[in-house]
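These notes are about the structure you will find just below.
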Amino acid sequence: MNSAEKTFIENTPRMKIDLVDEEVPCSTECLRRTNLSEALADESFREQVEILDSIISLIQDNVISLKNKVEDQLFHLGVDVDNTTYAIYRLVEEGGDLIFGSDYLKYNERIIFQGDFNSLNTVYKKISSMREDQDVKSLCDQIRNLTEATWRHVNKNLRRMFEGGT
């Protein structure tokens, strides 16, 4: 195992998936910006990272689908679409609830919407409905499952490849 491989195994570089803030192992593009870019010269390693690229691309497609659902159902109400996408994903996967302020609705310090009480209540009800929607739940679960799959791939395939010397 060379130095770059050892570093990768001991401290796998990470990146975040936009909008949902899920950490995944670095993609090819991400690795090119690290001190491990030389490891991409190894064809076996590059092939394994390309598998990660494919999984990450699927995650990003699902995130875009979730954002599109939020836009379709809530944009006309004036919500922050990015923060609402994050909130709905986290609400489905982690639970919890939105926080009502005097003129805002937020989740994990992210402002979802600002307005009067009646508007806040309308947005709250729409978000509550969306988080129970089976299509939304399915998208969120797919994002989480694919995120976990990236780490399984690193732990199972890349680690084994480096430790086995293949």
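The values are calculated or read from the model by the stated rules, or taken from the named source; none is laboratory data. Quick caveat: nothing in here was measured; it's all calculated off a predicted structure. Because the Cβ atoms are built from the backbone with ideal geometry, glycine has one as well, and the counts that use them run over all protein chains shown. To get the accessible areas, we keep the full protein, side chains included, count just its heavy atoms, and leave off ligands, DNA and RNA. Shrake-Rupley method; radii C 1.70, N 1.55, O 1.52, S 1.80 Å.
For the stretch 92-102, indicate whether the set of residues that are closer than 30 Å to residue 125 by Cα, polar (S, T, N, Q) and over 15 Å from the mean Cα position of the chain (by Cα) is non-empty.
yes
Within the stretch 100-118, how many residues are small (Gly, Ala, Ser) and surrounded by fewer than 16 Cβ atoms within 10 Å (Cβ to Cβ)?
The number of residues fulfilling the criteria is 2.
Of these, 84, 28, 7, 34, which one is open to solvent by 50 Å² or more (accessible area, probe 1.4 Å) and in contact (Cβ under 8 Å) with a residue 12 or more places away in the chain?
Being open to solvent by 50 Å² or more (accessible area, probe 1.4 Å) and in contact (Cβ under 8 Å) with a residue 12 or more places away in the chain holds for just one of 84, 28, 7, 34, which is 7.
State which residue is most open to solvent (accessible area, probe 1.4 Å) when the search covers only the stretch 40-77 and only residues that are closer than 17 Å to residue 4 by Cα and small (Gly, Ala, Ser).
41
Does any residue in the stretch 120-131 that is in contact (Cβ under 8 Å) with a residue 12 or more places away in the chain come within less than 9 Å, Cβ to Cβ, of a residue that is of a type in the set (D, E, K, R) and surrounded by 13 or more Cβ atoms within 10 Å (Cβ to Cβ) six or more places away or on a different chain, and which pairs are these?
Listed by first residue and then by second, the contacts come to 130/69; 131/137.
Could you tell me whether any residue of the stretch 145-152 is open to solvent by less than 20 Å² (accessible area, probe 1.4 Å), part of a helix (DSSP H, G or I), of a type in the set (Val, Ile, Thr) and closer than 19 Å to residue 59 by Cα?
yes
For residues that are of a type in the set (Ser, Thr, Tyr) and crowded, with 19+ Cβ neighbours inside 10 Å, tally how many sit in the stretch 10-25.
Looking only at that region, the number is 0.
Being under 20 Å from residue 21 (Cα atoms), outside any helix (DSSP H, G or I) and open to solvent by 30 Å² or more (accessible area, probe 1.4 Å) is true for just one of 97, 141. Which residue is that?
Just a single option satisfies the conditions, and that option is 97.
Say whether the condition of being assigned to a helix (DSSP H, G or I), modelled with pLDDT under 95, closer than 24 Å to residue 148 by Cβ and touching a Phe, Trp or Tyr at 6+ places or on another chain (Cβ under 6 Å) is met by at least one residue in the stretch 39-59.
Within the stretch 39-59, one or more residues are assigned to a helix (DSSP H, G or I), modelled with pLDDT under 95, closer than 24 Å to residue 148 by Cβ and touching a Phe, Trp or Tyr at 6+ places or on another chain (Cβ under 6 Å).
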